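**Q** Quick one: structure below, then a few questions.
The values are calculated or read from the model by the stated rules, or taken from the named source; none is laboratory data. Owing to the predicted nature of the structure, the values given are computational and were not obtained by experimental measurement. Cβ atoms come from the backbone with ideal geometry, glycine included; neighbour counts cover every protein chain shown. Areas reflect the complete protein model, heavy atoms only, side chains present, ligands, DNA and RNA absent. Shrake-Rupley method; radii C 1.70, N 1.55, O 1.52, S 1.80 Å.
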Amino acid sequence: MIENRPLLKLTAHLVLIAGVALVAFPVYLAIIASTHGPTDFMSGVIPLLPGPHAVENYRQVLASGVSTSGIPPISLMMTNSLIMALTIAIGKIVISLLSAFAIVYFRFPFRALAFWAIFVTLMLPVEVRIVPTFQVVANLGMLNSYAGLSIPLIASATATFLFRQFFLTVPDELMEAARVDGAGPMKFFFDILLPLSRTNIAALFVILFIYGWNQYLWPLLITTSSDYYTVVMGIKRMADVADSYPQWNTVMATVVLAMLPPVLVVICMQRLFVKGLVETEK
Amino acid sequence: MSAIELKNLRKVYPGGAEAVSGIDLAIETGEMVVLVGPSGCGKSTLLRMIAGLETITDGTVSIAGRVVNDKEPAERDIAMVFQNYALYPHMTVRANMAYGLKNRGTPKAEIERRVAEASRILQIGDYLDRKPRQLSGGQRQRVAMGRAIVREPAAFLFDEPLSNLDAKLRVEMRGEIKLLQRRLATTSVYVTHDQLEAMTLADRLVVLNKGRIEQIGTPLEIYRHPQSTFVASFIGSPAMNLISATRDGDGLRLSDATLPLAGRSLPQGPLTIGMRAEDITLARRTGEPQGLPVRIAYVEELGASRLVHGHLGSERIVVSAPIDGELDDTMDARIDPALLHVFAADTGRRLQ
Amino acid sequence: MQSKRTVFSNRALPYMLLAPQLAVTAIFFLWPAAQAFRQSFLREDAFGFSTQFVWFDNYMRLFQSASYLNSMAVTAVFATSVAVLSIVIALALAVAANGMIRSQQTYSTLIIWPYAVAPAVAGVMWWFMFNPTIGILSYLMRQAGYNWNHGLDGTDAMILVVIASSWKQISYNFLFFLAGLHAIPRSLTEAAAIDGAGPIKRFFTITLPLLSPTTFFLVVVNVVYAMFDTFAVIHATTEGGPNQATNILVYKVFDDGFIGLNLGSSAAQSVILMAIVTVFTFIQFRYIERRVEY
């Protein structure tokens, strides 16, 4: 602010506090609900203050799941989510680094074609080609497997473009100096290019981890065995039952557990997160 | 056997642009050859072809008697200093210098010895564990040279290594490179667009224009006997005055004045006359004009001397004059006919 | 296409480097897309014994079907509402935060984290709050005399999914608006202040016009988000109901293909959606090209 106007400043603070409250309120309620016993939701007046059942609720969902809705222990689902998120994030980064390296540091027939093939994936989100993609994965026998959960999602035009963009800003002379110094392509890639990409890789990792963790439709389609349920899709199955059996305490405990890892990643790595978000949209 | 030999070297880019058109050049062991020319003359392309960073369209490059056309840069036994230094930003100074040796499998003790030696010569011993971004421009420059020195190559290739430095540092580093090259006596090829840098560094100068060699010679040979109007105007500061003239009787007709030739014989017909600014003297007019009438436009004071800019007829002329003389609006410019450079008006080649 | 001035000369290596990406792309993206395209011209009989090539019949039927036209209208309403709601709230928050010096970082942290919350999770949380029997918001509305029931009332259901989807997107828009505000030179606002424009006037005459590239970009991104990434919100809450009131296009593809097993129609819908994404991608890239010129 250029002028010193206390009223304006106060309004701004009020707007922000209202915003923070709006953003936080649903989560607050979820946390509160996860600390009550199942009977507290019968009365019709929702509790607004914490109850005494937090430990037992979380212990129950983590260790044994919800047998009435056929839900396995949340700890299993969270492990699945973690495996899926890590495989997707690391897989996307690795194959995108390699393709961007090929496209920027080599000239070869069909280079433009390869670039466009990768580009086209931007226009084919999984949501719009659900049935045929499911058929392919089913034919390959990848249903109910970690490979099926992650591999079909690890092509990444966005990550490839990000690395391509970054590689183009790396001075040409670095590669030339490395060649004079006797480094071949892969040596240059590992010794020079990879260390220089560290920040970009970390920023992208944050975004892709969240992307992988929050996958919903894909695990829903290709898992029928509860051994491979991920936590985000598992909530839906729990919530379905919650309408008839009021198990809101366990559903909300699961909700809290499902958002905890990605939210922690964003808060702890805020700088990298912002960088990753802004750069992937370029 | 020459250290580096180029035979009928050509580079045509895909798309048809010809950057280097038929260069023959032999560089002797231990000498410093400077390739100089305006931007786009092909000097960097030529250097990069020697380095192996640019493919060769035609002709051969030999290093130490061996044709290296198909060799990777690393196999050519050369080291290169880049314009932007190209230091690996994530490695320490020490690691930067050691990288090339490590890739060649040089024993560790030997690497350490060479890095220590190079850093002693370049006085960068104090920053060996720093990263390039923690260094000043001049220090980075030294590290870039250190990286070349430790390799103990058959030749150094310099690609405008000083152009990222400020003027003062440039002069300083110029001197150091010269000293270093003398001391190591390593064959060097140095590319620059700065004619002063070229003059001061070179054992031999190669002036390039549009992908061809205009002239090869020691700096003084080239300064004193430029073989074309291009070289004449490119080498030397201020640039040589080039004025159209015709041979007329026993004098030389320059726009509206005649210069007596005093016995110097010149061919008939249209000519281009070159005069170095310092070869001309200005005299105040007393009565009859004696020499070329120069209308003074403005004066640049340089401290030790002054540059007088003026017009001779319709042509511009610059004269280097002592600082204490008085200047009138119009003065007489005189020059010893023996000091005139004479070029054919059509081809621009030197006559005599 | 751009590459380095000098390149490595290996012949086979670049293909090997590209192989994993291209394999995944071909098997899981291009091939299914081609299948969808092929299938959109076919129709299977009721028992799946024979398939017949029907030209554009699947498409014709779609555009004559009341439920598909309804789905398009629902999508339009939904996407517009989500984009407007999340952009307006985020802009207000970003402008307020931009004026803060010391507290800006703290406010930012408190506002951006919902980006990490899965759409499905966001949906379930709001569903809980709006739950007609125990939800706090429906309770409050009952007190105010409105009988909220998103299980029966289509408008209520639409409001629910709009709010849940917008809530999650505020953080994203906030970050981009804040970055856009940071990019406006301080000297411009100062010059306007010297020219006698007060804070409100400055916002509408200087800040807002200069933010227009960011706003345009965010409109495109938010519409794309609302059209494609909100599948989870719908599926986890209303499942397209009640009475198709929240049956957006991506949900309908899923519903017709997986639940209804109407493969030809689902494939035709997929092709139409791909065309829509292509248009948006194109707009987005045109926008980026323009931004580079600035």
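**Q** Would region B:121-129 turn up any residue that is part of a loop (DSSP other than H, G, I, E, B), away from every other protein chain (no Cβ under 14 Å), in contact (Cβ under 8 Å) with a residue 24 or more places away in the chain and buried (at least 21 other Cβ atoms within 10 Å of the Cβ)?
**A** yes
**Q** Answer with yes or no whether residue A:177 is touching an Asp or Glu at 6+ places or on another chain (Cβ under 7 Å) and among the small types (Gly, Ala, Ser). Spell out the reasoning first.
**A** Values: touching an Asp or Glu at 6+ places or on another chain (Cβ under 7 Å): no; among the small types (Gly, Ala, Ser): yes.
Spelling it out, it is not the case that residue A:177 is touching an Asp or Glu at 6+ places or on another chain (Cβ under 7 Å) and among the small types (Gly, Ala, Ser).
**Q** Name the residues in region C:147-159 that are in a loop (DSSP other than H, G, I, E, B), open to solvent by 30 Å² or more (accessible area, probe 1.4 Å) and in contact with a Ser or Thr (Cβ under 9 Å, 6 or more places away or on another chain), would you?
**A** Selection gives C:147, C:149, C:151.
**Q** Within region B:1-26, track down each residue that is surrounded by fewer than 16 Cβ atoms within 10 Å (Cβ to Cβ) and farther than 11 Å from residue B:211 by Cα.
**A** Those that are surrounded by fewer than 16 Cβ atoms within 10 Å (Cβ to Cβ) and farther than 11 Å from residue B:211 by Cα: B:1, B:7, B:8, B:13, B:14, B:15, B:16, B:24, B:26.
**Q** State which residue is farthest from the other protein chains (Cβ to nearest Cβ) when the search covers only region A:126-164 and only residues that are open to solvent by 30 Å² or more (accessible area, probe 1.4 Å) and not in a helix (DSSP H, G or I).
**A** A:144
**Q** Going by what's in this entry, would residue C:120 be described as open to solvent by less than 10 Å² (accessible area, probe 1.4 Å), more than 7 Å from chain A (Cβ to nearest Cβ) and not in a loop (DSSP other than H, G, I, E, B)? Explain how you work it out, then say what you get.
**A** Details: open to solvent by less than 10 Å² (accessible area, probe 1.4 Å): yes; more than 7 Å from chain A (Cβ to nearest Cβ): no; not in a loop (DSSP other than H, G, I, E, B): yes.
No, not satisfied.
**Q** Count, please, the residues in region B:286-315 that happen to be touching a residue at least 60 places away in the same chain (Cβ under 8 Å) and surrounded by fewer than 16 Cβ atoms within 10 Å (Cβ to Cβ).
**A** 1
**Q** Of the residues in region A:110-137, how many are over 16 Å from residue C:254 (Cβ atoms) and of a type in the set (Val, Ile, Thr)?
**A** Within region A:110-137, residues that are over 16 Å from residue C:254 (Cβ atoms) and of a type in the set (Val, Ile, Thr) number 4.
**Q** Would you confirm whether or not region C:125-141 contains a residue that is buried (at least 19 other Cβ atoms within 10 Å of the Cβ) and closer than 29 Å to residue C:214 by Cα?
**A** Within region C:125-141, one or more residues are buried (at least 19 other Cβ atoms within 10 Å of the Cβ) and closer than 29 Å to residue C:214 by Cα.
**Q** In the set A:210, A:192, which member is open to solvent by less than 10 Å² (accessible area, probe 1.4 Å), at pLDDT 90 or above, within 30 Å of residue C:112 (Cα to Cα) and facing another protein chain (nearest Cβ under 7 Å)?
**A** Details: A:192 fails: within 30 Å of residue C:112 (Cα to Cα).
Among A:210, A:192, only A:210 is open to solvent by less than 10 Å² (accessible area, probe 1.4 Å), at pLDDT 90 or above, within 30 Å of residue C:112 (Cα to Cα) and facing another protein chain (nearest Cβ under 7 Å).
**Q** Identify all residues within region B:94-119 that are more than 9 Å from chain A (Cβ to nearest Cβ) and of a type in the set (A, V, I, L, M); write none if there are none.
**A** Within region B:94-119, B:95, B:97, B:98, B:109, B:111, B:115, B:116, B:118 meet the criteria.
**Q** How many residues does region C:262-272 contain that are more than 12 Å from residue C:68 (Cβ to Cβ) and within 9 Å of chain A (Cβ to nearest Cβ)?
**A** Of the residues in region C:262-272, 4 are more than 12 Å from residue C:68 (Cβ to Cβ) and within 9 Å of chain A (Cβ to nearest Cβ).
**Q** Restricting the first residue to region A:34-49 and requiring it to be more than 9 Å from chain C (Cβ to nearest Cβ), which pairs with a second residue that is at pLDDT below 70 meet a Cβ separation below 8 Å and a spacing of at least six or different chains?
**A** A:38/A:246
**Q** Continuing with this model, one more query. Could you check how many residues of region B:236-285 are among the hydrophobic types (A, V, I, L, M, F, W, C), open to solvent by less than 50 Å² (accessible area, probe 1.4 Å) and not in a strand (DSSP E or B)?
**A** Residues meeting the conditions: 6.
**Q** State the number of residues belonging to region C:239-255 that are closer than 16 Å to residue A:220 by Cβ and open to solvent by 20 Å² or more (accessible area, probe 1.4 Å).
**A** Of the residues in region C:239-255, 2 are closer than 16 Å to residue A:220 by Cβ and open to solvent by 20 Å² or more (accessible area, probe 1.4 Å).
**Q** Got a number for residues in region A:219-238 being over 12 Å from residue C:120 (Cα atoms) and among the charged types (D, E, K, R)?
**A** 1
**Q** Residue by residue through region B:53-93, note down the ones that are in a loop (DSSP other than H, G, I, E, B), more than 11 Å from chain A (Cβ to nearest Cβ) and on the phi > 0 side of the Ramachandran plot.
**A** Within region B:53-93, B:64, B:65 meet the criteria.
**Q** Any residue in region B:215-223 that is at positive phi and among the charged types (D, E, K, R)?
**A** no
**Q** OK, next. Which number in (1) surrounded by fewer than 18 Cβ atoms within 10 Å (Cβ to Cβ); (2) not in a strand (DSSP E or B) marks the one condition that residue B:165 misses?
**A** (1)
**Q** Let me ask something else about it. Just to verify a result, which residue in region B:27-57, among those that are under 17 Å from residue B:77 (Cα atoms) and among the small types (Gly, Ala, Ser), is surrounded by the fewest Cβ atoms within 10 Å (Cβ to Cβ)?
**A** Filtering region B:27-57 for residues that are under 17 Å from residue B:77 (Cα atoms) and among the small types (Gly, Ala, Ser), the one surrounded by the fewest Cβ atoms within 10 Å (Cβ to Cβ) comes out as B:30.
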